[in-house]
Amino acid sequence: MFARDEASRTKEEFWTTFGKYMSPIPSAEGFKINWVNYHTRLKDVYFRMDIGRKAAIISISIEHRDPALQELYFEQFLELKSLLHATLEEEWQWQLHVPLEEGKVISRIFMELPGVSVFNRDHWPELISFFKPRIIALDRFWEDGKYSFEMLK
């Protein structure tokens with residue numbers, strides 16, 4: 001079992017490694033981008049990558065506090081579902097109003113890779129191979145999809 005500070009260092013080391021690996025890759029628009037902390041530039045909508053002890057998840061996370069607005073954003077993504085799945089070249093799971101442990105409610109569109117752990121360095125190549133094509137595809141999707149959300153800002 002990892003101590004809390006050791007676990008934190010291991011996660012930080014993975015994300016630093018992933019960031020360095022991804023840094024030469026430009027965005028869909030050809031610009032330098034921080035892939036680890038991807039900014040959608042849309043308040044309360046995030047592209048999240050997370051790894052725990054048992055799985056890795058990449059998601060579009062809609063975190064608006066107002067459930068009605070959260071649902072409106074979710075519905076707008078539903079309008080773009082075909083484009084999203086075509087760009088990702090796979091179908092993701094869709095969840096509206098998911099309660100999290102800390103009491104927050106979010107909606108998300110995600111893909112999960114079970115059976116991997118950030119604490120097992122032998123899994124790191126598999127984790128990078130999981131995250132890399134998906135975050136790049138999300139960026140390609142967002143290059144066109146973001147304009148559908150301008151009226152919701």
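The values are calculated or read from the model by the stated rules, or taken from the named source; none is laboratory data. This structure is a prediction, so every number in the text was calculated from the model and none was measured. Cβ coordinates were reconstructed from backbone atoms using ideal geometry, including for glycine residues, and neighbour counts include every protein chain displayed. The protein model used for the area step is the full one, side chains on, heavy atoms only, and it has no ligands, DNA or RNA in it. Shrake-Rupley method; radii C 1.70, N 1.55, O 1.52, S 1.80 Å.
Quick notes
- Lysine pairs within the chain, Cα separation less than 21 Å, 8 or more sequence positions apart or different chains: 16
- Probe 1.4 Å - accessible area at Arg121, Å² to nearest ten: 120 Å²
- Per residue of the chain, the DSSP helices (runs of n ≥ 4 H) give a summed -39500 (n - 2.57) that works out to -13500 deg cm²/dmol at 222 nm.
- Residue-count net charge about Glu13 - beta-carbon cut-off 14 Å; Lys, Arg +1, Asp, Glu -1: +1
- Measuring nothing but protein heavy atoms, the accessible surface of the chain at 1.4 Å probe radius is 50 percent carbon and sulfur.
- With the whole protein complex present, Met111 retains an accessible surface near 40 Å², based on a 1.4 Å probe.
- The mean sequence separation of alpha-carbon pairs under 8 Å and at least six residues apart, normalised by the residue count of the chain, gives a relative contact order of 26 percent.
- Three-way shape call for the range 1-85 based on the alpha-carbon gyration tensor, with the a/c threshold at 1.5: oblate
- Separation of alpha-carbon centers, the range 46-90 and the range 1-45, rounded to whole Å: 18 Å
- Accessible area (Å², per residue) of the chain, counting only protein heavy atoms and a probe of 1.4 Å: 59 Å²
- Whether the range 94-141 is rounded, prolate or oblate, judged on the alpha carbon gyration tensor where a/c under 1.5 counts as rounded: oblate
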